[in-house]
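Reviewing the structure listed below.
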Amino acid sequence: MAIKTYKNFIDGKWVASSSGETFDNINPANHKEILGRFQKSNASDLNKAVKSAVKAQEGWRNLPAPKRGEILFRVGELLVKHKESLAKDMTREMGKVLNETRGDVQEAIDLTYYTAGEGRRLLGETVPSELNNKFCMTVRMPVGVVAAITPWNFPIAIPSWKLIPALVCGNTVVFKPASDTPLSAYRFVKLFEEAGLPPGVLNFVTGSGTEIGEPLIEHHNINLVSFTGSTDTGAVVAHKCAWNMKQYSLEMGGKNAIIVMDDADLDLAVEGVIWGAFGTTGQRCTACSRVIVHKKVLRKFTSRLLKRTKTLRLGDGLKNTTDVGPLINEAQRQKVLSYCKLGVEEGAKLLLGGNVYKKGNCRGGFFFEPTLFAGVSPKMRIAQEEIFGPVLSILECKSLENAVEIVNDSRFGLSSAIYTRDVNRAFKAIEKLDTGLTYINSSTIGAEVQLPFGGTKGTGNGHREAGTTALEIFTEWKSVFVDYSGALQKAQIED
Ligand code: UN1
C-alpha cells in the first residue's frame, strides 16, 4: 500500500513544508511498518504559522466565548464519534495497548466537554470598592498567541489539555507535536477543522525540536509557551522564555512513589503497583517507579509482586492478549537499558528483567522486559532519576515518617500514593507528601480532568493544567474600576 504524506495546517490550509522534505512515522511494535510521512518543517514554515495565528487573533478573541465553546463542544462530539479509530492509530504509532489509547482519547473527550463549558463561565469576581459610587471587578483576557509543544506518551490527551483551554479563552495557537506521534496530532487537528474552527486559529507544524521547536519558543509573536516533556528541555524553554519576557507553563518529569504500609491490603497494592509501573510501559510522567514497602511486609509483598510481574505479556498493543507494549523508540530503549546496567553497578538486586526483549513477534519492535530491582537505597541514581520505562525500584521503610522522607527526597514532585487501612496514616500522608497529586489506596496514575494536574519542585513551574486552574495559565487578569460618582474620587488619599 502506498504510504500517505501528511501536511502542515497553516491559515486553514493543508500545506507542504518549503523544505521539500519529510520524515517517517513508524510503528514501535514493528519498526518496518511506516504509518505515514510528515513534513520536516523549517523556520520559514514556522514563521508562516505564527503569522497566521497573529492574524486570526483579533477575530477569535472577539467571537463571544460561548460561541468559541460551541465549536469546541463539536470537537468533543467528533472525538466521541472517532474514538475507536483514533485509539487504533495511536496504538500503531506509539505502542501502548488499545485499552489505554482508548483511555487517552477518553481523557481528551472529558477535558473537552469540561473545559468547553468555560465558554459560558470564564468567571471573574466582583469585589467592594473602598469608595462610594465605584464598582470593582476582574475579567479574564486572552494571553494572545500560544505555542503548544507536546510529548508522545499521551498524543491526544495532552494536546487537549493545552489546545482546548487556550482556545476557549480566546487565544490562537501554533501546535508542534512530538515527532514520534504526528499522526494522532494530525487527526486531532482535522477534528477542529471539521468542527468549523476559523482559519488561522489553530496551526499545526511538524518537525524537530531544533528546527522548529526552538524558533517557535523564541519567536517574538509568541506570548505563551505551554510545554510538556523532559525536565532538560523544560529548563531550556524556561531560559529562552525568561530571556524574551514570555510566559511559560511547564509540565515535566516525575519519580513517583507508592508507599505500602504494614496494614495495607497487599493484593490490592500489588495491582496498583503493577498498573502504575508497567501501564503505558512505564512511559507516563505519573508512572510509579519507586515502591516503598514497610519492612514488616517487605518479603511477602516482594514475592507477590514478582509473581504477578512475571505474568505480564509483552506484544503488539492492538492484540487483546497484550499487557505491555513496546517503548517508543530505540534511543529510549537504550536509555532504559543503561539505567538497568547502572542499577546493577550501584548494588541493587535485579529480581526480574533488565534487558531488551526480542522473542517471537516482538523481534521487530522496541520491547523491554518488565524489570524489578530490590534492595534499592534512596540515594541510588535509579531511585532518583526519571527512567521512563518499565523499571521499578523496591525500597524498604521503617515507618510512615521514614517512607515520607524517602518519597520527598526527590527533585520531582508529581504523584504519590499510599496503601493503608488506617485513616490517620492516610491523612498524615496527604499532609506530608510533597507532590501535586496524592492517591490513597490507588496507584500514582489515572488523574481526572476536573482536578488540577501538575507537580511541585522540578516537575513544573507552579502551574496546574486541567481543572479550572488551566484558566490561570491561558488568561491574563484585568482589574476594572468603574467610577460612577461624576466626581474625582481618590483611592488611598485622605481628604
Ligand atoms: C502523563 O503521564 O504525562 O494521570 C500524563 C495519568 C493520566 C495523565 C498522565 N491521566 O496518569
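Side notes on the structure shown:
- Backbone amide hydrogens, once placed in the peptide plane, bring residue 33 within less than 5 Å of 27, excluding anything fewer than 5 places away on its chain.
- Built amide H within the under 5 Å cut-off of residue 134, gap 5+: 484
- Charges were assigned to the Cβ only: +1 to each Lys and Arg, -1 to each Asp and Glu. The resulting dipole of the stretch 256-440 about its Cα centre is roughly 620 debye.
- Remark: accessible surface ordering of 239, 31 (largest first) is 239, 31, probe radius 1.4 Å.
- In the chain, taking the dipole from charged Cβ atoms about the Cα centre, the farthest positive-side position among 440, 336, 156 is held by 336.
- Per-residue accessible area (protein heavy atoms, 1.4 Å probe) orders 152, 60, 14 as 14, 152, 60, starting from the largest.
- Each label point was placed 7 Å from the Cα along the Cα-to-Cβ direction; for residue 398 and residue 2 their separation is 7.1 nm.
- Part-to-part distance (alpha-carbon centres) for the stretch 52-114 and the stretch 445-495, which is given in Å: 25 Å
- Residues whose placed amide H lies under 5 Å from that of residue 368, excluding near-sequence neighbours: 327, 357
- Packing order of peptides 473-485, 333-345, 262-274, highest average first: 262-274, 333-345, 473-485 (average count of other Cβ atoms within 10 Å over each peptide's residues).
- Positive-end ranking of 326, 291, 415 along the dipole of the stretch 256-440, with charges on Cβ about the Cα centre, is headed by 326.
- Heavy-atom accessible area per residue - the chain, 1.4 Å, Å²: 42 Å²
- Each part gets one Cα centre, and for the stretch 238-266 versus the stretch 285-302 those centres are 20 Å apart.
- Carbon plus sulfur fraction of accessible area for the chain, probe 1.4 Å, in percent: 52 percent
- Normalised convex hull volume, the chain, alpha-carbon set, Å³ per residue: 166 Å³
- With 30 Å as the limit, the listed pairs 240/490; 134/240; 32/190 have 240/490; 134/240 beyond it between alpha carbons.
- Counting only Cβ charges, +1 for Lys and Arg and -1 for Asp and Glu, the dipole size of the chain around its Cα centre is about 1280 debye.
- Dividing the summed helix terms, -39500 (n - 2.57) for each DSSP H run of n ≥ 4, by the number of residues in the chain produces a 222 nm estimate of -11500 deg cm²/dmol to the nearest 500.
- When each of the peptides 178-190, 447-459 is scored by how many other beta carbons lie within 10 Å of its residues on average, the order from highest to lowest is 178-190, 447-459.
- Modelled FRET efficiency - R0 45 Å, residue 321 with residue 208, Cβ distances, 0.05 increments: 0.80
- Global geometry of the stretch 7-129, whether rounded, prolate or oblate, following the gyration tensor of its Cα atoms and the 1.5 cut on a/c: oblate
- Dipole of the stretch 66-148 [Lys/Arg +1, Asp/Glu -1 at C-beta], most positive-end residue of 76, 66, 123: 66
- Each residue of the stretch 178-187 was assigned a 3J(HN,Hα) from its phi angle through the Karplus expression (A = 6.51, B = -1.76, C = 1.60, θ = phi - 60°), giving 4, 6, 7, 9, x, 5, 4, 5, 4, 5 Hz with x at Gly and Pro.
- Packing around the peptides 281-293, 417-429, taken as the average count of other Cβ atoms within 10 Å per residue, puts them in this order, highest first: 281-293, 417-429.
- Pairs with C-alpha atoms separated by more than 30 Å, drawn from the list 162/335; 48/88; 379/428; 88/176; 96/310, are 48/88.
- Bridge type composition, the chain - antiparallel percent by DSSP, nearest 5: 40 percent
- Percentage relative contact order, the stretch 69-155, counting C-alpha pairs under 8 Å, at least six apart: 29 percent
- 3J(HN,Hα) along the stretch 227-235, derived from phi through the Karplus expression 6.51 cos²θ - 1.76 cosθ + 1.60 where θ = phi - 60°, amounts to 10, 10, x, 6, 5, 5, 5, x, 5 Hz, with x in place of Gly and Pro.
- Per residue, the convex hull spanned by the alpha carbons of the stretch 256-440 comes to 106 Å³.
- Whichever lysines have a C-alpha closer than 17 Å to that of residue 432, once near sequence neighbours (fewer than 8 apart) are set aside: 255, 398, 457
The values are calculated or read from the model by the stated rules, or taken from the named source; none is laboratory data. The structure displayed is predicted, hence computed values, not measured ones. Every residue, glycine as well, gets a Cβ built from its backbone with ideal geometry; the counts of neighbours run over all protein chains shown. Just so you know, the surface numbers come from the protein's heavy atoms only, side chains and all, with ligands and any DNA or RNA stripped out. Shrake-Rupley method; radii C 1.70, N 1.55, O 1.52, S 1.80 Å.
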